[in-house]
Amino acid sequence: NKDMKIVEKLYREQTLSDNELKTLIETKNIEATQLLKKYADETRQKYYGKKVFIRGLIEISSYCKNDCLYCGIRRSNNKAERYRLTRDEILTCCKNGYNLGFRTFVMQSGEDGFLTDRFLCSIIREIREKYPDCAITLSFGERSYESYKCLKEAGADRYLLRHEAADPNLYEKLHPKKMSLENRKKCLFNLKELGYQVGAGFMVGAPYQTTEHLINDLRFLQYLQPHMIGIGPFIPHHNTEFANNKSGTVELTLRLLNIIRLMFPKILLPATTALGTVTPNGRELGLQNGCNVVMPNLSPVKVRKKYDLYDNKICTGEEAAECRGCLNRRVKYAGYKIVSERGDYAF
Ligand code: SAM
Ligand code: FES
């Protein structure tokens, strides 16, 4: 049938026309859906076998000067509890993480003016020195070329900055006027130029999002050629104006993960916490649908609930060691194997 032929073509050619993508994103055909999943898993196994890379996420600050309309820690949410980790707290997270087998640390935060280049570079240098066998990933939002350069020279390897929505109209509906899609895209190209392994991405099922917007996101990713792609369902947060919107669905998220794996065969693709939040076995499903990365939380338990991006976020009560054990079982049950490696892009 027609939809199966489109799946075959995507597997063969790693790309499709807009019309074919639309058909594939929207198809209800069960055989085509199953074939897409099968090819996505084959492709992930061709480059990464059964390996799952783990990234220890350290959420270093919940202060944010931005006001993304969907986000629970947006500046105008005055009910959000704000915190910042100290240098020592961050280093303790790394130490615990290292002992649990993590070889990538991801430091993430809101866009917090307190996080100066001086402060961040000195922490990065110390982590680099203490853990020479670990990769350092940053996710601090939009910063200047000079800042990214300074952080890179201090020892950072990778940077995660979702483009959020490649379509200017959708971007505008999800962000306040002050924020600029052009700048966000520029940041991604700057990061690539500076030699970072770069991650972009978007939310699935965001308010106002259509299939055409998703196709636009895939086209932007084809143009950017990132090393990592982070996608997860949009989930409402009760203190935002999208409080009553519906979450993105598991089905559409898995569909896009399948397509992304086939369009970008070697991509590092996380089964996100948001996917694990919309359904209890979400991350396992992600791994069976093309994902090869999970990002457990290494933040101190006392701040976990305060990094409150969306409602019902999982793993906010568990110690790092509990998450590590829990994930080990989950990944094994899904048929894959966590490895204690940096997990760089398979160039
Ligand atoms: N401030 C940095 C930035 O903007 O890239 C990093 C932190 S930001 C909170 C990390 C990601 O959380 C965003 O890229 C966004 O896609 C995701 N996010 C925020 N609110 C969300 C929601 N309600 N549902 C799902 N994902 C959300
Ligand atoms: Fe955190 Fe299961 S991974 S509790």
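The values are calculated or read from the model by the stated rules, or taken from the named source; none is laboratory data. These numbers come from a predicted model, not from an experiment. Cβ sites come from the backbone with ideal geometry, for glycine too, and all protein chains shown count toward neighbours. Heads up: the accessible areas ignore ligands, DNA and RNA and are worked out on the full protein's heavy atoms, side chains in. Shrake-Rupley method; radii C 1.70, N 1.55, O 1.52, S 1.80 Å.
Projected label points at Glu42 and Phe189, each 7 Å from Cα along the beta carbon direction, are separated by 3.7 nanometres. Relative contact order for segment 48-339: 23 percent, from Cα pairs under 8 Å spaced at least 6 residues apart, divided by residue count. Between amide H atoms placed 1.01 Å from N, distances below 5 Å from Thr104 occur with Gly56, Ala135, all of them 5 or more places distant or on a separate chain.
Gain in length, Phe114 to Lys337, computed as 0.36 nm per residue apart minus the alpha-carbon separation, to one decimal in nm? Could the numbers behind the result be given before it?
On the way: separation 223, 0.36 × 223 = 80.28 nm, distance 3.86 nm.
The span from Phe114 to Lys337 would gain 76.4 nm if fully extended.
Checking the cross-link pairs Lys46/Lys173; Lys38/Lys246; Lys149/Lys177; Lys95/Lys173; Lys65/Lys305 against a 31 Å limit on the alpha carbon distance flags Lys46/Lys173; Lys95/Lys173 as lying beyond it.
Considering only beta bridges that DSSP places wholly inside segment 48-339, some 5 percent are antiparallel.
Between Pro207, Pro132, Pro270, the GNM of the chain built on Cα springs shorter than 10 angstrom shows Pro132 fluctuating the most. Taking Thr116, Thr15, Thr240 as the candidate residues, the one with maximal mean-square fluctuation in a Gaussian network model of the chain, Cα springs under 10 Å, is Thr116. Short-range pairs are left out: with C-alpha atoms under 8 Å and at least six residues apart, the relative contact order of segment 118-240 is 25 percent. Unpaired Cys in the chain, meaning no second Cys C-beta under 4.7 Å: Cys64, Cys93, Cys94, Cys121, Cys134, Cys150, Cys187, Cys291, Cys315, Cys323, Cys326.
Of the candidates Arg74, Arg255, Arg125, which one comes out as most mobile in a Gaussian network treatment of the chain with C-alpha springs shorter than 10 Å? Top of the fluctuation ranking is Arg125. A Förster distance of 56 Å, applied to the separation of the beta-carbon atoms of Leu91 and Lys5, puts the FRET efficiency at 0.55. With 5 Å bins beginning at zero, the pair-distance distribution over Cα atoms of segment 1-147 amounts to 2, 8, 13, 13, 10, 10, 11, 13, 12, 8, 2, 0 %. Using only the C-alpha atoms, the convex hull of segment 48-339 corresponds to 116 Å³ per residue.
Full extension of the chain segment joining Ala346 with Asn244 gains 32.6 nm, where the gain is 0.36 nm per residue of separation less the Cα-Cα distance. What a 1.4 Å probe finds exposed on the chain is 50% carbon and sulfur by accessible area, rounded to a whole percent. Using a probe of 1.4 angstrom and keeping all protein chains present, the accessible surface of segment 48-339 works out to 39 square angstrom per residue.
Label zone of Glu172 (point 7 Å out along Cα→Cβ, amide N under 19 Å): in segment 51-89 this covers 67-70. Computed from Cα atoms, the angle from the helix 145-154 axis to the main principal axis of the chain rounds to 70 degrees. Rounded to the nearest 10 degrees, the inclination of helix 30-48 to the longest alpha-carbon principal axis of the chain is 50 degrees. Return one number: the angle in degrees, 0 to 90 and rounded to the nearest 10, between the long axis of the Cα atoms of helix 181-193 and the longest principal axis of the Cα atoms of the chain. It is inclined by approximately 80 degrees.
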